[in-house]
Amino acid sequence: MFAYVSWAHSGGVMQHSKEAKVRISPVLVGLMGSGKSSIGRRLAPCLKVPLVDLDDYIVAKDGRSIADIFKQDGEAFFRQLETRCLREVLGQHAVIATGGGVVLLEENRQLLIAHPPVIWLHASPKFLAKRIVGDSNRPLVAGKKSLAETLKCLQELADVRYPLYEGCADYVLPRGDMRKPEALNSILVFLEQWMLKHPNSSTVTTQVIP
């Protein structure tokens, strides 16, 4: 769908300019803890669109928490539900923050590739483990009490998922110790470049925040 934005570069920081006409709906992918939701919440206002968090969408659709879905019906059921919900949200006039395992199914990867730009928030398992250790709301690491256990789990996930993220991504953001404002700025720079390369996506003009 459509988001209408423009930026001007000043002193290393991307700032909004007066107006532009652009069709763009970024999709954020990455391992749990990489900041898809939190950065998405910052990115959405810049693009003057809402944030659609796929996990939140699934919870609203199913009426249960992600943890309860995993516990009661298993991961295979969750992945099927995730695919149905992904189909529903892709193409919406929004920034879309996906779940960490969305790339596991080939069907989902093809959906993501068909709805660019896809932005991979890349971070090392060590960085992520420090952020999410002890988080009971993340089913795959909920039983891991120590940092070492969490790191081992994340490394195993990364070994499988990182090549899949890379295969879908139009842009790889190296999170590392990058703070969220810096991450946001890097994404905005990429999106400006991406839009310049896709002029045929321009449609309707609207005012953006100065």
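The Cβ shell under 11 Å around residue 41 holds other residues with a net charge of +2, Lys and Arg each +1, Asp and Glu each -1. Net charge near residue 85, counting Lys/Arg +1 and Asp/Glu -1 over other residues with Cβ under 12 Å of its Cβ? Surrounding charge for residue 85 is -2. If R0 is taken as 25 Å, the Cβ-Cβ distance between residue 75 and residue 172 corresponds to a FRET efficiency of 0.45.
Dimensions of region 71-121 based on its C-alpha atoms, expressed as ranges along the principal axes with the largest first, amount to 33, 19, 18 Å. For the residue pairs 48/197; 126/197; 61/126, the C-alpha atoms sit more than 26 angstrom apart in 126/197; 61/126.
Taking 0.36 nm per residue of sequence separation and removing the Cα-Cα distance, the residue 60/residue 105 pair yields an extension gain of 14.0 nm.
In whole angstrom, region 25-183 maps to an equivalent ellipsoid with semi-axes of 22, 20, 15, each derived as √(5λ) from the alpha carbon gyration tensor and ordered largest first.
So what is the relative contact order of region 25-183, in percent, for Cα pairs below 8 Å that sit 6 or more residues apart?
Numbers: 236 pairs, mean separation 51.0, N = 159.
For region 25-183, the relative contact order is 32 percent.
Placing dummy labels 7 Å off each Cα toward the beta-carbon, the span from residue 156 to residue 180 is 3.1 nm.
Just so you know, all these numbers are worked out from the coordinates, no wet-lab data involved. Note that the structure is predicted; figures quoted are calculated from it, not measured. So basically every Cβ, Gly included, is an ideal-geometry build from the backbone, and we count neighbours across all protein chains shown.
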